[in-house]
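Here is the structure we will look at.
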Amino acid sequence: MRPSHLFLAVLVAAVWGVNFTVIEIGLDHFPPLLFSALRFLVAALPAVFFVGRPKVAWKWIVAVGMVLGVAKFGLVFVGMDAGMPAGLSSLVLQIQAVFTAVIAAAVLGERPTRVRVTGMAVALAGIGVAAWDEGASGPLGAFALVVAAAACWGVSNVLTRKASPPDALNFMVWVSTVPVLPLLALSLLTEGSSRDLAALRALDWQGAGTLVFVAWISTVFGFGAWGWLLRRHPASAVAPFSLLVPVFGMSSAALFLGESVSPARWCAAALLVGGVALTSLAPRRRPASPPDAGETAPGKAPIRSSDHAESPLTATR
């Protein structure tokens, strides 16, 4: 990978990590569900007019939009608004790799290898340590909401794998059109129109800046750059950079929000990141092959391991 490509991969991980700190700041300006709705509205417009028509069936766009946009991000924003720290959120969400592997095994019949099972166990141990630490110092309910968000992310990863979008940016922009109205409706029902209108009337440059960052920088630029890298390099070369996300997330939260990182949290981070690395990067168990599977059919290229790479949507955010 060229130095410029390495820099871009680290930059995307940094953007996605810092995004949690920006969300924390934005929650001081908006109710959580309204903030999430506005995030997708700004991400979709005007980008939807420039990315071309959807390249997958609408059923996949709607399904991923509801699970990823409404459920996953709704839970994350509500959990963080309820007291889940930004840095810890960036870490705990990485358990999505374990949920993805478990759901893929149940739905797609992907049998995990022993290494992946070991990685899941290590990652779950990290979540246990983080839950114990958060239960002793913060709201455990908010922690549970972010874990639930990671489970929804795992479901959306499997849906995305089934959809197999050829263009990650095109797919993400169209997916962003789906959650806007459901999230606005939920915001009106649970947060109230008076609170929403008050937030919009009080919008200042800092609030607008958080919207621009989470929508255009984290979503449009982040997914576009990540997809660009995956089109030029094997997933095995790009995916490990996603493990830097909680590093940047916890560091930026400590630097800009003054969040302390306890020894238990560092231990949880080491277990979770190590477990996710084993779960995400270990080779999959190959299905049984017919006797002549080693031969290439006429007119077809041999299948490479990178052809079965994870979608860029499964990496992080």
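The values are calculated or read from the model by the stated rules, or taken from the named source; none is laboratory data. Please read all numbers here as calculations on a predicted model, not as lab measurements. Here Cβ is always computed from backbone atoms with ideal geometry, including for glycine, and neighbour counts include all displayed protein chains. For the accessible areas, the whole protein counts, side chains as well, though only heavy atoms, and no ligand, DNA or RNA atoms are used. Shrake-Rupley method; radii C 1.70, N 1.55, O 1.52, S 1.80 Å.
Numbers below:
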{"item": "Area of SER90 that stays accessible when all protein chains are in place (1.4 Å probe, Å², to 10)", "result": "0 Å²"}
{"item": "Contact order relative to length of region 1-98, as percent, for alpha carbon pairs under 8 angstrom and 6 or more apart", "result": "47 percent"}
{"item": "ALA254-LEU188 pseudo-label distance in nm [points 7 Å out on the Cα-to-Cβ vector]", "result": "4.5 nm"}
{"item": "Gained length - LEU203 relative to ARG231, 0.36 nm times residue gap less alpha-carbon distance", "result": "6.2 nm"}
{"item": "Fluctuation leader among LEU34, LEU183, LEU200 - the chain, Gaussian network, Cα springs under 10 angstrom", "result": "LEU200"}
{"item": "Solvent exposure, largest accessible area first (probe 1.4 Å, DNA, RNA and ligands not counted), of ASP167, ASP204", "result": "ASP204, ASP167"}
{"item": "Debye equation applied to the C-alpha atoms of region 169-281, log10 I(q)/I(0) at 0.15, 0.16, 0.24 Å⁻¹", "result": "-1.02, -1.09, -1.24"}
{"item": "Cα-based convex hull, the chain, per residue volume (Å³, whole number)", "result": "143 Å³"}
{"item": "Between 0 and 90°, nearest 10: helix 245-256 axis offset from the chain longest Cα axis", "result": "20 degrees"}
{"item": "With DNA, RNA and ligands ignored, accessible area of PHE248 (1.4 Å probe; Å², nearest 10)", "result": "60 Å²"}
{"item": "Cα convex hull of region 60-145 - mean projected area over all directions, nm²", "result": "6.2 nm²"}
{"item": "Whole-number Å³ per residue for the convex hull built on Cα positions in region 14-157", "result": "128 Å³"}
{"item": "Normalised contact order of the chain, rounded percent, pairs of Cα under 8 Å and 6 or more residues apart", "result": "39 percent"}
{"item": "ILE95, ILE217, reordered so the largest accessible area comes first (probe 1.4 Å)", "result": "ILE217, ILE95"}
{"item": "GNM result for the chain, Cα springs below 10 Å: residue of VAL98, VAL56, VAL147 fluctuating most strongly", "result": "VAL56"}
{"item": "Computed [θ] at 222 nm, deg cm²/dmol, the chain (DSSP H ≥ 4; -39,500 (n - 2.57); rounded to nearest 500)", "result": "-20500 deg cm²/dmol"}
{"item": "Derived scalar couplings ³J(HN,Hα) [region 118-133; Karplus, 6.51 cos²θ - 1.76 cosθ + 1.60; whole Hz; x for Gly, Pro]", "result": "4, x, 4, 5, 5, 5, 5, 5, x, 5, x, 5, 5, 5, 4, 5"}
{"item": "Angle between the chain longest axis and helix 140-163 axis [Cα atoms, degrees, rounded to 10]", "result": "40 degrees"}
{"item": "Using alpha-carbon coordinates, inclination of helix 3-26 to the longest axis of the chain, degrees", "result": "30 degrees"}
{"item": "Sulfur and carbon atoms: percent of accessible area, the chain [1.4 Å]", "result": "68 percent"}
{"item": "In nm, spacing of pseudo-spin labels at ARG114 and PHE7 (7 Å Cα→C-beta vector)", "result": "4.4 nm"}
{"item": "Residue with peak Gaussian network fluctuation, the chain [Cα springs, cutoff 10 Å], from SER89, SER251, SER262", "result": "SER262"}
